[in-house]
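Single-structure report; data block below.
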Amino acid sequence: MRISHLIPLTAIVAIAFVSQASAEAMVRDQKVITSAGARAMVDACTAWAGQNHMVLAMSVLDWAGNEIESHAMEGAGANSIDTALLKAKSALRWRRPTSEMNKIVRSGQNLAPTFMHDFPQPGALPIMLDGDMIGAMGVSGADGEKCAQAAIDAVFKK
């Protein structure tokens, strides 16, 4: 008789365990770049550009493509932030530097970025942290990817 009382209890415990495991499988931890992190990247890129006598504009997106921070240095062209934003969106969408996308498109290997309204021009990098993509930084102007890399290194590789 006692065994028959244990069977329903065992079933309840098993269901509770499976439900808990299923709930955990339905969510994930997501690293998110903060406004402070994005601002620090813009400041680092601006400092790098100043040291290299360049006038640039930059845009930082979070992992979902939301614009977190943008900045145009004094003297940047009127369309510079728009260009930086387009580059950042492309790096985020394709999860690779836009210079790589540019080579792929120019070689004819993959033309999708051109008809998907992406902007496969050099100047943007995805922002990776511990193997997770937390955003992207696009830079309008010469050596944009070098500036973005300097910003990523300054903020996330201390």
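The values are calculated or read from the model by the stated rules, or taken from the named source; none is laboratory data. A quick note: this is a predicted structure, and the numbers were derived from the prediction, not measured. Neighbour counts are summed over all protein chains in view; Cβ atoms, including those assigned to glycine, are modelled from backbone coordinates with ideal geometry.
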Test: residue in the stretch 114-122 that is at negative phi, in contact with a Gly (Cβ under 6 Å, 6 or more places away or on another chain) and at pLDDT 90 or above:
no
Exception for Asp118 within (1) loosely packed, with under 15 Cβ neighbours inside 10 Å; (2) over 11 Å from the mean Cα position of the chain (by Cα); (3) not polar (S, T, N, Q) falls at (1)
Just to be sure I understand, how many residues within the stretch 57-111 are in a loop (DSSP other than H, G, I, E, B) and either closer than 16 Å to Gly141 by Cβ or touching a residue at least 40 places away in the same chain (Cβ under 8 Å) (or both)?
9
Give the stretch 45-69 a look and list any residue that's on the phi < 0 side of the Ramachandran plot and within 17 Å of the chain's Cα centre (by Cα), or say none.
Cys45, Met58, Ser59, Val60, Leu61, Asp62, Trp63, Ala64, Asn66, Glu67, Ile68, Glu69
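Yes/no matrix, rows are residues, columns are (1) more than 28 Å from Asp132 (Cα to Cα); (2) modelled with pLDDT under 95; (3) exposed (fewer than 10 other Cβ atoms within 10 Å of the Cβ):
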position: Ala23; (1), (2), (3): no, yes, yes
position: Cys45; (1), (2), (3): no, no, no
position: Trp48; (1), (2), (3): no, no, no
position: Met58; (1), (2), (3): no, no, no
position: Ser70; (1), (2), (3): no, no, no
position: Val105; (1), (2), (3): no, yes, no
Quick one: how many residues across the stretch 109-158 are in contact with a Lys or Arg (Cβ under 8 Å, 6 or more places away or on another chain), among the aliphatic types (A, V, I, L, M) and under 20 Å from Ala76 (Cα atoms)?
2
Subset of the stretch 134-150, residues at positive phi and buried (at least 24 other Cβ atoms within 10 Å of the Cβ), comes to Gly135
